[in-house]
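The values are calculated or read from the model by the stated rules, or taken from the named source; none is laboratory data. Predicted model, so just to flag it, every value in this text is computed and none were measured. Cβ sites come from the backbone with ideal geometry, for glycine too, and all protein chains shown count toward neighbours. Accessible surface areas use protein heavy atoms only, side chains included; no ligands, DNA or RNA. Shrake-Rupley method; radii C 1.70, N 1.55, O 1.52, S 1.80 Å.
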Amino acid sequence: MDKYVIGFNGSPRKNWNTAILLEKALAGAASKGVGTELVHLYDLDFKGCASCFACKTKGGKSLGRCARQDGLTPYLEKAFRAEAIFLGSPIYLGTASGGMRSCIERLFFPYLTYTNPSGTLFPRKIPVGLLYAMNTPDGGLDQGTAACGQTLRVVEGMASRIFGRSESLHCFDTWQFDDYSKFEASRFNAAAKARRRQEVFPLDCKKAFAMGARFMAG
Ligand SMILES: Cc1cc2nc3c(=O)[nH]c(=O)nc-3n(C[C@H](O)[C@H](O)[C@H](O)COP(=O)(O)O)c2cc1C
């Protein structure tokens, strides 16, 4: 099979910030000659980890693999054979979206060994890109009531331990509505948001493209 990378979109919106960042990361990888696939998690019928422990059962046929069979299963198989994995999510209430959290449980946990220190059953080393879009202002990961820096660092650390290498891209202060005047959202300055969308978001897209290309450069 030809080499490819896979991206998972954890936003229910298919054309907004997270999806665009993922498309750029995949385009960066494609610029190095690999195939790409973008999976919209909210199109799939799936659930998170069932805590069945088939993935940890000694001598079991699902050791190191998720035994749950549903809409995510074929994409977990594709991720198993991919050259890189990109996980994109909006920040919802201080962490990745529910869909992305469920995906991460199914994608990460089967490979993680309950040893001390914990090891991995993933048989190769591949890079994992974590792309997050959020309202949080620039550099504010560790500030405020919905500070998510520590949570995101835990996911990045696990991704590195399981797959060999991971990098995160944080896209701050995103453009959330087409028309801010229609929503109860007085906290936001629509003009400043529009400016940022024009001036900063394209730079985040370039960083996402560069990440994809860098991952495939070895
Ligand atoms: C349910 C929900 C919860 C949110 N919680 C947070 C939050 O805790 N912190 C934050 O910075 N942004 C939060 N946001 C804003 C989104 O992260 C932001 O708009 C992001 O760009 C959405 O991604 P998308 O444009 O790809 O859909 C929230 C949005 C929604 C819908």
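Restricting the GluC sites (Glu not before Pro) of the range 151-218 to loop positions (DSSP other than H, G, I, E, B) with no more than 16 neighbouring Cβ atoms within 10 Å leaves Glu184. Take every Cα pair under 8 Å in the range 4-216 that's 6+ residues apart, average their separations, divide by the length, and report that relative contact order as a whole percent. Computed value for the range 4-216: 27 percent relative contact order. Each label was represented as a point 7 Å from its Cα along the Cα-to-Cβ direction; for Lys56 and Ala185 these points are 4.1 nm apart.
Here the dipole of the range 4-216 is about 640 debye; that uses its Cα centre as origin and unit charges on the Cβ of Lys and Arg (positive) and Asp and Glu (negative). Surface composition of the chain: carbon and sulfur make up 52 percent of the accessible area, probe 1.4 Å. The 3J(HN,Hα) values that the Karplus relation (6.51, -1.76, 1.60; θ = phi - 60°) gives for the range 132-144 are, in residue order, 10, 10, 7, 6, 3, x, 2, x, x, 4, 10, 10, x Hz. Gly and Pro appear as x.
Less than 5 angstrom separates the built amide H of Gly35 from those of Lys3, Tyr4, Val5, all sequence-distant by 5 or more or on a different chain. Of the residues Thr113, Leu41, Gly88, the one whose Cα sits farthest towards the positive end of the charge dipole of the chain is Thr113 (charges of +1 on Lys and Arg Cβ, -1 on Asp and Glu Cβ, taken about the Cα centre). Projecting the Cα atoms of Gly98, Phe183, Leu130 onto the charge dipole of the chain, computed from C-beta unit charges around the Cα centre, puts Leu130 farthest toward the positive end.
Loop-resident trypsin sites (Lys or Arg not before Pro) (DSSP state other than H, G, I, E or B) in the range 146-218 with no more than 12 further Cβ atoms inside 10 Å of their Cβ: Arg187. Using a Gaussian network model of the chain in which every pair of alpha carbons under 10 angstrom is joined by a spring, one finds that among Gly164, Gly59, Gly139 the greatest mean-square fluctuation is at Gly59.
Taking every protein chain into account, the accessible area of the chain amounts to 51 square angstrom per residue (probe 1.4 Å).
For the chain, modelled as a GNM whose springs connect Cα atoms under 10 angstrom apart, the maximal fluctuation among Ala29, Ala147, Ala185 occurs at Ala185. A quarter of the convex hull surface defined by the alpha-carbon atoms of the range 4-216 gives 12.4 nm² as the mean projection.
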